[in-house]
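Before any comments, here is the structure.
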Amino acid sequence: MKLQTYFVPNTSTLPTVDMRRPDLIIPYQSPAAKENAGDISSTLGSTLPMAAMFTRNKFIGWASVVFAIQNWLGESAETRKTASQPAYFSVGMSLMALAVTYLPMFLPPPTVPGSDPFAEADEGTGETKQSQSYIHIRIQHKRADSILPTERNGRKTLTTVQGLPKKFDQWKILRVIKKKFACNGTVVVDDDMGEVIQLQGDQRNDVQKFLIDKKEGLELDPKTIKIHGF
């Protein structure tokens, strides 16, 4: 059996290297900084109030207030140094945005110049487009329970106007007609037809002229008006 020999160097004769030599020192490099959460919070704190003001959305306004207060209360000393703006600034912006969302409740939008004077107070659109449903002007015998007085000549007839667009205030129209044509009238509510204007006597032609009059009337389309007899 042949034996294999190994060479073992004498370490005592090898030169030693001092690992503490200055030329072997590697400078320390700090790890890459992570994405700053303070910047994200600051961005959201300024974006949410602006979204609430532009959309007039109360839910977004309240969400921005809660988010801003949470950031303000949870702000640390390190966050104050790295944040682009103070946390209390976001709280002020969110409160202002929330106030803007509630402005229409206290300052309603003004009526558009040239809008219909007979339109209801909350309409304010100034639109001239009329409803396509028909307006019915009828004459009928006055019922016994009617609150309108009988005419001097003994005739007991009523003129009814039904189907006016909902954007018009029936009572305003009634006041103008009563003054213009010197007749009595009232507004009754029917379960099927809704609000109906009742006028004393035969006022069919006068009412039709008033409805289509472009200067002092409602400027309605004559094609949408139907006149009925007894």
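The values are calculated or read from the model by the stated rules, or taken from the named source; none is laboratory data. Remember, predicted model here, so these are calculated numbers, not experimental data. Because the Cβ atoms are built from the backbone with ideal geometry, glycine has one as well, and the counts that use them run over all protein chains shown. Surface accessibility is based on the protein's heavy atoms, side chains included, excluding ligands, DNA and RNA. Shrake-Rupley method; radii C 1.70, N 1.55, O 1.52, S 1.80 Å.
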- line: By the C-alpha gyration tensor axes a ≥ b ≥ c (rounded if a/c is under 1.5, else prolate when a/b exceeds b/c, else oblate), the shape of region 167-230 is rounded
task: Using θ = phi - 60° and the Karplus relation 6.51 cos²θ - 1.76 cosθ + 1.60, list the HN-Hα couplings for region 210-226 in order, rounded to whole Hz, with x at every Gly or Pro.
output: 5, 5, 9, 5, 8, 9, 10, x, 9, 6, 8, 6, x, 5, 8, 10, 10
message: Just to verify a number: what accessible area does Lys178 come out at with the full protein assembly present, 1.4 Å probe, Å² rounded to tens?
response: 80
- request: Given a cut-off of 20 Å, name the pairs among Lys156/Lys214; Lys167/Lys215; Lys179/Lys223; Lys172/Lys223 whose C-alpha atoms lie farther apart than that in the structure shown.
  value: Lys156/Lys214; Lys179/Lys223; Lys172/Lys223
- prompt: Put +1 on the Cβ of each Lys and Arg and -1 on the Cβ of each Asp and Glu in region 162-230; which of His228, Gln200, Ile173 then has its Cα farthest toward the positive end of the dipole?
  reply: Ile173
message: For Trp171, what accessible surface area do you get with a 1.4 Å probe? Give it in Å², rounded to 10.
response: 120
- request: Read phi for every residue in region 192-202 and hand back ³J(HN,Hα) as whole Hz from Karplus 6.51 cos²θ - 1.76 cosθ + 1.60, θ = phi - 60°, with x for Gly and Pro.
  value: 9, 9, x, 6, 10, 8, 10, 10, 6, x, 8
query: Probe 1.4 Å, all protein chains in place: accessible area of Met96 in Å², nearest 10?
result: 100
- request: Kindly sort Phe59, Phe106, Phe168 by accessible area of their heavy atoms, largest first, with the probe set to 1.4 Å.
  value: Phe59, Phe106, Phe168
task: Would you grab the residues whose amide H sits under 5 Å from the one on Ile225? Only those 5+ places off in sequence or on another chain, please, with H modelled 1.01 Å from N.
output: Ile135
- line: Quick calc, region 184-230, dipole around Cα centre from Cβ unit charges on Lys, Arg (+) and Asp, Glu (-), nearest 20 debye, gives 300
